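Written below as structure tokens is the structure these notes are about.
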């Protein structure tokens, strides 16, 4: 187990925010996190900031923005990370390395994105910056187009799984009803999600609106401390394991349906943690699109390739199932403010382990898995979290 | 001393490159670095990629581009860092933390930028993404405008130092004559640099063209290994110390002439390394503008505030002086491909310590300082390097 622990967190509501920019979003989440962990900025040795940006704002150098929201951070070393939709996990890994290397005792991981101020067609183009543009930038509707192609290929190879995708959407929306931070708290039900309608049109390939996560604003913060410092604090959640595995960016150069990088990250993390997937109490996984969650069932070993549909059919990943997946509602219900997402997933898992998840709570949660990815399974991160105090 | 060492490097020519993008630039520098260190991609545990981007290319997620240039990196964890003009040092610190935390044995730090494909006015606006845009985006001519204001303030407080700025420019251009990677290898001399002319017009405030670094393409790579692995390799350069210190981003909220963050980073690094500035054999410092190098003389303790001009007048920082500063020619002569710069500075210092600096060589170089900054002394990094084998 690595040395750093999660000792607190902060989380803004996700959705269309009154905050005009990431600076304001981060300030709200940072203040909440300081309060939650019972620390002050003077205690903080490093700021690890995850923002995708890439055109959402002309303001770059966003590592320096945390101190603009609270000048007590003025001299704290700050660094920005970006790894597409896994930007938050990239910042987290940087902070963990910083503490595990003995460079500091307390670090903040700050993930944020302001997306709703940008017109929709531009949002799509900005997000395609996370695809291999030379070959993939022509996708209709941005990343939805890429995952639409993935869903198409999957259906061609393994059969039409539209209904199971709708079941995943419905599960996550039902779960999101219990999440006070979620963008879209509405229990749509399987039938609505499985029916193409004016309110639920096709977006790309077989994907309907309910198969896609939302464009949202939001920020999330994790407070990390080394084990010794954490021992004197109210909360302590350790990393039983953490792993990153990449895959080649261009989809033309791999069988994307393998989600090989995701599989490798899970294999590494489970081996490092000495646990099996069934030992986990819950998983927060990267459901940017419902087809992604289905492929991730296969990558995490819940089903053989092409059999992911069985996992949702059998109710395994429902909140009352053997392995609840996305009890928070996932990206589907929470929304997907790119830089915040990976941090938010860890916050949701940490809440579960501390028994602070309110209406989302999985009783007796002991070990939690988190899977966050950038691109279509290009940069893949898995954490296995466990409560240590 | 931290555990990781520099065991090899690669460096493209800086300037207007035939390479169309960062993907190609990185591929060239990475191949050179593998060769230089005598390793293969299979040996590499992590890729730490520094690219500023912010609009130079619509392709973001550039951590994933290294593997597009050499598919043997396909599954190696890769992360992108951005910290304005200190982006390269941010990636370096990430890689050092990774190795020092025991997460891997060999890491590549890859810094790159493709700037010359972007029209000049756009370049200025893109670079202002590293200023606090809410207050500073109106600067004429981009960052030159900001440093023009800084030079103006400095002259008002301490007297006109135009001639000494020209002496700094002339020194760095003379040094750059020996640097095969430099963008501009031309020995302009003090008189040319100190005379406003058609070929050397005013750019912003008192700054002339020769007071400004160049818009360039380029990539640089450092190979890092843990001490044990490094012991079996041809080269080994350790980090006697490394430090990062930030300052508040908005210039309205500090006395920018203090360069306080730069001073703090130097103080921390010298204390950690147990050395005085005069113990160093050379310094590579961030001369994005000549006024920056003068302020950095003061920040590194070579002169009291307002007395930086004496340092160049007395010849202290000339190649044959007591403490040669920018024997590589600095950003002035090399050019300033943003993401590559911090990495390049470390490559230049490492070459000196290994006695591989060719015409740039400072005889008997034993300890080298590197100062790289993002924004106007906002994110400040100092390394003290020493040869360990």
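None of the figures in this text is laboratory data; all of them are computed from the coordinates on show. Treat the numbers as computed from the prediction; the structure is a model and nothing was measured. Using ideal geometry, Cβ is built from the backbone for each residue, glycine included, and neighbour counts are taken over all protein chains shown.
With contacts defined as alpha carbon pairs under 8 Å and 6 or more residues apart, what's the relative contact order of chain B in percent?
Values: 962 pairs, mean separation 99.6, N = 389.
Worked out over chain B, it gives 26 percent.
What FRET efficiency would be calculated for the residue pair residue B:356, residue A:359, taking the C-beta separation as r and a Förster radius of 60 Å, to the nearest 0.05?
On the way: r = 63 Å, r/R0 = 1.05.
That gives a FRET efficiency of 0.40.
If you take the square roots of the eigenvalues of the alpha-carbon gyration tensor of chain A and sort them as a ≥ b ≥ c, do you get rounded (a/c under 1.5), prolate (a/b over b/c) or oblate? Intermediate values should be presented prior to the final figure.
Working: a/c = 1.60, a/b = 1.32, b/c = 1.22.
Here chain A falls in the prolate category.
Based on the Cβ-Cβ distance of residue A:234 and residue B:186, what FRET efficiency does E = 1/(1 + (r/R0)^6) give at R0 = 60 Å, to the nearest 0.05?
Working: r = 63 Å, r/R0 = 1.04.
So, using R0 = 60 Å, E works out to roughly 0.45.
Can you give the % of DSSP beta bridges in the protein assembly as shown that are antiparallel, to the nearest 5? Write down the numbers at each step before the final one.
Working: 77 of 107 bridges.
Here the antiparallel bridges make up roughly 70 percent for the protein assembly as shown.
Which distance in nm do the two modelled labels at residue A:304 and residue B:18 give, with both placed 7 Å along the Cα-to-Cβ direction?
For the pair residue A:304/residue B:18, the computed spacing is 5.2 nm.
With r defined as the distance between the Cβ atoms of residue B:117 and residue A:320 and R0 fixed at 60 Å, what FRET efficiency is calculated, to the nearest 0.05? Walk me through the intermediate numbers first.
Details: r = 55 Å, r/R0 = 0.92.
Working from the Cβ atoms, E equals 0.60.
In peptide B:11-17, what is the residue-averaged number of other protein chain Cβ atoms found within 10 Å of each Cβ? Show your work: numbers first, answer last.
On the way: counts 0, 0, 0, 0, 0, 0, 0.
Taking the mean over all residues of the peptide, I get 0.
At a 10 angstrom cut-off on C-beta neighbours, averaged per residue, how do the peptides B:334-346, A:308-320 rank from highest to lowest? Before the final figure, lay out each step's value.
Details: B:334-346: 32.2, A:308-320: 18.6.
Answer by packing, highest mean first, reads B:334-346, A:308-320.
So if each residue of separation counts as 0.36 nm, and I subtract the Cα-Cα distance between residue B:313 and residue B:153, what length gain in nm does that give? Don't skip to the answer; put the middle values down first.
On the way: separation 160, 0.36 × 160 = 57.60 nm, distance 2.07 nm.
Result for the pair: 55.5 nm of gain on full extension.
Working from Cα positions, state the angle (0 to 90°, nearest 10) between the long axis of helix A:290-299 and the longest principal axis of chain A.
80 degrees
Calculate how many DSSP beta bridges within chain A are antiparallel, expressed in % of all such bridges and rounded to the nearest 5.
Values: 37 of 52 bridges.
Beta bridges within chain A, antiparallel portion: roughly 70 percent.
Which shape class, rounded, prolate or oblate, goes with the protein assembly as shown when its Cα gyration tensor gives a ≥ b ≥ c as root eigenvalues, a/c under 1.5 marks rounded, and past that a/b bigger than b/c marks prolate? Intermediate values should be presented prior to the final figure.
Values: a/c = 1.86, a/b = 1.81, b/c = 1.03.
Since a/c reaches 1.5 and a/b is larger than b/c, the shape of the protein assembly as shown is classed as prolate.
Give me a single rounded figure for A:128-137: the average over its residues of other chain Cβ atoms within 10 Å of their Cβ.
Details: counts 4, 7, 4, 4, 6, 6, 4, 0, 0, 2.
Mean shielding count: 4.
Just order B:123-134, A:272-283 by mean Cβ neighbour count inside 10 Å, highest at the front, would you? Mind showing how you got there, number by number?
Working: B:123-134: 21.5, A:272-283: 17.9.
Ranked from most to least packed, the peptides come out as B:123-134, A:272-283.
Taking a label point 7 Å out from Cα toward Cβ, give me the nm distances from residue A:180 to the same spot in the other copies, shortest first, one decimal.
In ascending order, 6.4 nm.
In nm, to one decimal, how far is the modelled label at residue A:177 from the one at residue A:279, with both set 7 Å along Cα→Cβ?
Placing both labels 7 Å along Cα→Cβ, they lie 3.4 nm apart.
For chain A, set up a GNM with springs between Cα atoms under 10 Å and report which of A:232, A:63, A:301 has the largest fluctuation.
A:232
How big is the antiparallel share of DSSP beta bridges in the range B:239-384, given as a percent to the nearest 5? Please report the intermediate quantities before stating the final value.
Details: 12 of 17 bridges.
Around 70 percent antiparallel, to the nearest 5.
Which distances, in nm and shortest first, link the residue A:72 label point to the same label point in every other copy, taking 7 Å along Cα→Cβ?
Taking the point 7 Å beyond Cα along Cα→Cβ, the inter-copy spacings are 5.1 nm.
Per residue of A:98-109, how many C-beta atoms from partner chains lie within 10 Å of its own C-beta, taken as a mean?
Details: counts 7, 2, 6, 12, 4, 8, 1, 0, 0, 0, 0, 0.
The mean count of partner-chain Cβ atoms within 10 Å per residue comes to 3.
Only residues of the range B:18-54 count here: report those whose backbone N is under 16 Å from the spot 7 Å along Cα→Cβ of residue B:71, or say none.
Backbone N within reach: B:41-42.
Is it possible to state the helix-based mean residue ellipticity at 222 nm for chain B, with each DSSP H run of 4+ residues giving -39500 (n - 2.57), the sum divided by total residues, to the nearest 500 deg cm²/dmol? What is it?
Working: 14 runs with 140 residues, N = 389.
Using -39500 (n - 2.57) per qualifying helix, the result is -10500 deg cm²/dmol.
Quick one, can you get me the convex hull of the C-alpha atoms of the range B:239-384 expressed as volume per residue in Å³?
Details: hull volume 14.4 nm³, N = 146.
Normalising the Cα hull of the range B:239-384 by residue number yields 99 Å³.
Packing-wise, with mean Cβ within 10 Å as the measure, how do B:113-122, A:41-50, A:196-205 rank, highest first? Please report the intermediate quantities before stating the final value.
On the way: B:113-122: 17.6, A:41-50: 23.1, A:196-205: 14.4.
Result, highest mean Cβ count within 10 Å first: A:41-50, B:113-122, A:196-205.
Considering Cα pairs under 8 angstrom that are at least six residues apart, work out the relative contact order of the range B:74-221 and quote it in whole percent.
On the way: 158 pairs, mean separation 36.4, N = 148.
Relative CO of the range B:74-221 lands at 25 percent.
If I take every Cα pair under 8 Å that is 6 or more residues apart in the range A:1-139, average their sequence separation and divide by the length, what percent do I get for the relative contact order? Can you show the working numbers first?
Working: 200 pairs, mean separation 40.1, N = 139.
Taking the mean separation of contacting Cα pairs over the length of the range A:1-139, I get 29 percent.
Hey, for residue A:157 with labels 7 Å out along Cα-Cβ, what do the inter-copy distances come to in nm, ordered shortest first?
6.3
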